[in-house]
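Q: Could you have a look at this structure, given as structure tokens, before my questions?
The values are calculated or read from the model by the stated rules, or taken from the named source; none is laboratory data. Given the structure is predicted, the values throughout are model-derived calculations rather than measurements. Cβ atoms come from the backbone with ideal geometry, glycine included; neighbour counts cover every protein chain shown.
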Amino acid sequence: MPRPLTTSLHILVIGAGIGGLSTALALQQQGHRVTVVERVATIRPVGAAISLWPNGVKVMHQLGLGETIEGLSGEMTQMRYLTHTGKTLTDFSLAPLFGDVGQRACPIARAALQQTLLEAVGTEHIQFGRRCDDYTITPEGVTAHFDDGESLNADLLVVAEGMHSKLRSKLVGHPVERQYVGYVNWNVRVPADAALAPLSHWDQYVGDAKRVSFMPMGSGGNKEGAQEFYCFFDVPLPAGTANDPDHYRDELREHFAGWAEPVKALIERFDPARMARVEIYDIPPLDSLTAPRVALLGDAAHGMAPDLGQGGCQAMEDAWVLAQAVQRSLEENADASAAIASALAQYDRARVDRVGEIVQRARKRAAMIHGHDATHTQAWYDELKNEDGQAIIDRLKTTVTGGPLG
Ligand code: FAD
């Protein structure tokens with residue numbers, strides 16, 4: 001709920017992705033004037049869908065979007081791992097997790113999530129087709145400089161420009177290179193069909209350090225209200241392999257020859273024009289996510305392997321924590337400059353360890369799933385045979401409850 005406003009700031013957010021828009025909304029709800037600047041003229045989310053785990057959904061509820069997101073997303077109540085030939089390794093209910101943390105997960109079409117956030121922020125507050133190239137700190141605040149030669153002054157700058165962030169290196173004071181995690185992910189939406197997977201299950205086929213996933217993702221608000229699956233394929237490959245939609249089906253036929261019937265059926269069914277093929281990168285954990293008058297947020301701050309499904313959820317947590325810190329600091333400090341400095345220090349304290357740990361854990365999990373050390377991957381397959389779900393649920397619960405909303 002919005003709290004009474006002490007001082008209204010002008011806050012500039014660079015990037016209208018999940019991180020930038022969540023932050024803009026959280027700050028608007030506290031009565032601040034927020035301007036979002038987005039490089040592209042029209043946002044077309046890369047990737048089919050995203051699983052919002054309860055820590056992310058809890059932030060959306062705080063921002064008043066929880067019910068909309070639950071309505072647009074899939075009901076995923078069961079989790080199953082299978083071998084590449086379709087033998088069940090483990091099959092368990094996610095209800096104990098969702099019951100314990102008081103919130104279910106919401107797998108949702110990226111386009112639906114993006115649209116929900118855009119509408120909530122209001123497109124009149126977003127300047128599309130404008131790229132931020134630099135910023136300077138001034139005695140009064142911060143000035144952002146754009147590719148059209150114009151500049152904008154603000155009290156606070158939030159850099160939420162994604163994994164490829166150019167401003168990040170300036171902010172942290174040293175170059176930060178992306179690191180290849182070692183595998184390629186193809187992801188796509190297909191009509192939900194019980195012949196592929198049970199409609200409420202998250203099914204994952206694993207073998208030979210590869211993975212295929214089927215996740216119920218709801219209708220995303222499509223006109224027909226037709227339920228869809230969010231599906232992906234992971235294959236360990238060197239960086240820089242050719243990316244040509246005309247070859248996706250043949251590539252996947254080759255990588256998954258001999259796999260279970262649902263995997264083969266999926267490969268024959270998907271529409272390559274709706275598929276994204278991405279090489280997976282992360283960035284090393286950073287020691288600080290702030291500089292005077294500037295906060296780094298979302299993938300720009302902690303681009304991570306998607307193997308915990310936490311990148312977007314962490315961006316939402318960042319947004320909530322930053323907005324709360326700004327609010328608290330303004331209530332405690334009569335001087336806006338001192339309040340901003342205090343808010344940035346609180347944000348840094350709350351987020352550096354949390355996101356650094358998750359980046360590292362996601363990288364370790366990516367390595368285990370994708371065969372960086374074949375013995376570790378085999379040990380994981382063996383472990384899954386004896387898994388009753390409790391250990392997986394415990395790990396998911398730790399990730400969720402480590403967030404700002406418990
Ligand atoms: P982005 O989405 O990259 O947005 C940055 C925006 O900034 C873009 O719109 C860009 O155009 C704009 N921009 C860039 N530079 C500038 C500039 N200089 N000036 C102005 N605008 C600029 N996360 C989950 O929580 N759950 C999942 O299940 C999940 N699955 C994933 C699966 C895959 C295959 C991948 C690759 C990622 C997955 N993620 C998942 C991670 C999630 O997608 C990201 O963490 C999230 O999208 C990051 O949002 P962001 O706003 O920080 O960055």
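Q: Return the pair list, or none, for Cβ contacts closer than 8 Å from residues in region 303-316 that are farther than 19 Å from Ser213 by Cα and within 6 Å of the ligand (Cβ to nearest atom) to residues that are of a type in the set (Asp, Glu) and part of a helix (DSSP H, G or I), at least 6 apart or on different chains.
A: These pairs meet every condition: Ala315/Asp299.
Q: Look at Leu296 and say whether it is more than 30 Å from Pro245 (Cβ to Cβ), crowded, with 24+ Cβ neighbours inside 10 Å and more than 8 Å from the ligand (Cβ to nearest atom).
A: yes
Q: Report, by residue number, each residue of region 80-92 that is within 24 Å of the chain's Cα centre (by Cα) and surrounded by fewer than 21 Cβ atoms within 10 Å (Cβ to Cβ).
A: Within region 80-92, Arg80 is the sole residue that qualifies.
Q: Just name the residue that is nearest to the ligand (Cβ to nearest atom) out of those in region 130-168 that are of a type in the set (Gly, Ala, Ser) and touching a strand residue (DSSP E or B) at 6+ places or on another chain (Cβ under 7 Å).
A: Ala160
Q: Still on this structure: For region 271-284, name all the residues that are within 15 Å of the ligand (Cβ to nearest atom) and in a loop (DSSP other than H, G, I, E, B).
A: Across region 271-284, the qualifying residues are Met275, Ile283.
Q: Inspect all residues belonging to region 5-21 and state whether any of them is closer than 15 Å to Met217 by Cβ, within 12 Å of the ligand (Cβ to nearest atom) and buried (at least 18 other Cβ atoms within 10 Å of the Cβ).
A: no
Q: Take region 41-82 and flag every residue that is among the hydroxyl-bearing types (Ser, Thr, Tyr), in contact with a strand residue (DSSP E or B) (Cβ under 8 Å, 6 or more places away or on another chain) and away from the ligand (no atom under 14 Å from the Cβ).
A: Thr77, Tyr81
Q: Can you name the condition, by its number, that His125 falls short on among (1) touching a residue at least 40 places away in the same chain (Cβ under 8 Å); (2) surrounded by fewer than 22 Cβ atoms within 10 Å (Cβ to Cβ); (3) in contact with a Pro (Cβ under 8 Å, 6 or more places away or on another chain)?
A: Single failed check for His125: (3).
Q: Ala239: touching a strand residue (DSSP E or B) at 6+ places or on another chain (Cβ under 7 Å), modelled with pLDDT of 95 or more and over 30 Å from Ala345 (Cβ atoms), yes or no?
A: Spelling it out, Ala239 is indeed touching a strand residue (DSSP E or B) at 6+ places or on another chain (Cβ under 7 Å), modelled with pLDDT of 95 or more and over 30 Å from Ala345 (Cβ atoms).
Q: Within region 116-126, can one find any residue that is touching a Phe, Trp or Tyr at 6+ places or on another chain (Cβ under 9 Å), of a type outside the set (A, V, I, L, M) and modelled with pLDDT of 95 or more?
A: Taking every residue of region 116-126 in turn, none turns out to be touching a Phe, Trp or Tyr at 6+ places or on another chain (Cβ under 9 Å), of a type outside the set (A, V, I, L, M) and modelled with pLDDT of 95 or more.
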